[in-house]
1. Tell me the helices (runs of 4 or more DSSP H) entirely within the range 1-85 that contain at least 3 residues that are under 30 Å from A163 (Cβ atoms).
2. Which of the following residues is acidic (D, E) and modelled with pLDDT of 90 or more: E169, E139?
3. Out of all the residues in the range 126-142, which are without any contact (Cβ under 8 Å) to a residue 12 or more places away in the chain and open to solvent by 80 Å² or more (accessible area, probe 1.4 Å)?
4. Can you go through A155, A146 and tell me which one is surrounded by 17 or more Cβ atoms within 10 Å (Cβ to Cβ), assigned to a helix (DSSP H, G or I) and of a type in the set (G, A, S)?
5. Here's a check for you: in the range 42-81, which residue that is touching a residue at least 60 places away in the same chain (Cβ under 8 Å) and under 24 Å from L13 (Cα atoms) is surrounded by the fewest Cβ atoms within 10 Å (Cβ to Cβ)?
6. Please give the number of the condition R39 fails out of (1) surrounded by fewer than 17 Cβ atoms within 10 Å (Cβ to Cβ); (2) basic (K, R); (3) over 12 Å from the mean Cα position of the chain (by Cα).
7. Using beta carbons and a limit of 7 Å, which pairs, at least six apart or on different chains, have the first residue in the range 105-116 and at pLDDT 80 or above and the second one in a helix (DSSP H, G or I)?
8. Determine, yes or no, whether R164 is under 26 Å from Q104 (Cβ atoms) and either crowded, with 16+ Cβ neighbours inside 10 Å or of a type outside the set (S, T, Y) (or both).
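The values are calculated or read from the model by the stated rules, or taken from the named source; none is laboratory data. Because the structure is a prediction, the values reported are computed rather than measured. Note that each Cβ is placed from the backbone with ideal geometry, even for glycine, and that neighbours are counted across all protein chains shown. Quick note on the areas: whole protein, heavy atoms, side chains included, nothing else; ligands and nucleic acids left out. Shrake-Rupley method; radii C 1.70, N 1.55, O 1.52, S 1.80 Å.
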Amino acid sequence: MAAATIDRTCLILAAQTGDPVAIEGLLAACQTDARRYARRHCQASDVDDAVQESLLVVARRVRGLQAAAAFSSWLFTVIRRECLRLQRAMFRHDPLDEDVVERQLAARSDDALRIDLANALESLPAHYREVVLLRDFEELTIAEIAGRLGEPGGAVKSRLHRARLLVREYLLG
């Protein structure tokens, strides 16, 4: 077993006893891994919040961890749940009446609407913009997009849905 693994295991065991120095050391030791994992599972703007909230959960609940060997998988589960919570909160909004939406969009000139749409697409994170452009401009199917991106079809559908919600929010905001 590597020395780093032994050190982390000792930190975990000491943190489980409630030692504040060990908890602080454990949080510092796992922060890099937590941030790397959050970057892959959160929106770019949510990474810092997800890591901070996850580390708070770890500090409060490390005593209840059954086995020190399960720490990493538990940490990543906490981060993934926090990313999902933040994502749900971002998309929580009051549904708009479709007639109101249509009237708002119809009131704009075609040129103004084109400019707003271009700005909305530019404001999207790259992974969202890519699926919108592939689907709505290149008119690829979900299966074709999934094949091109090397991702499951469900992930592509979900990303496309979120991207369209963000575009809509931008246009109506």
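1. On the way: elements: 3-16, 20-41, 47-61.
By residue number, 20-41, 47-61.
2. Numbers: E169 fails: modelled with pLDDT of 90 or more.
Result: E139 is the single residue among E169, E139 that is acidic (D, E) and modelled with pLDDT of 90 or more.
3. Residues of the range 126-142 that are without any contact (Cβ under 8 Å) to a residue 12 or more places away in the chain, as a first pass: 126, 136-141.
F137, E138, E139, listed by residue number.
4. Values: A155 fails: surrounded by 17 or more Cβ atoms within 10 Å (Cβ to Cβ).
Residue meeting the stated conditions: A146.
5. Within the range 42-81, the subset touching a residue at least 60 places away in the same chain (Cβ under 8 Å) is 43-44, 69, 71.
Adding the requirement that they be under 24 Å from L13 (Cα atoms) leaves 69, 71.
Numbers: A69: 11, F71: 21.
Per the criteria, the residue is A69.
6. The number of the failed condition is (3).
7. Listed by first residue and then by second, the contacts come to L113/L105; D116/L171.
8. Values: under 26 Å from Q104 (Cβ atoms): yes; either crowded, with 16+ Cβ neighbours inside 10 Å or of a type outside the set (S, T, Y) (or both): yes.
So R164 fits the description; yes.
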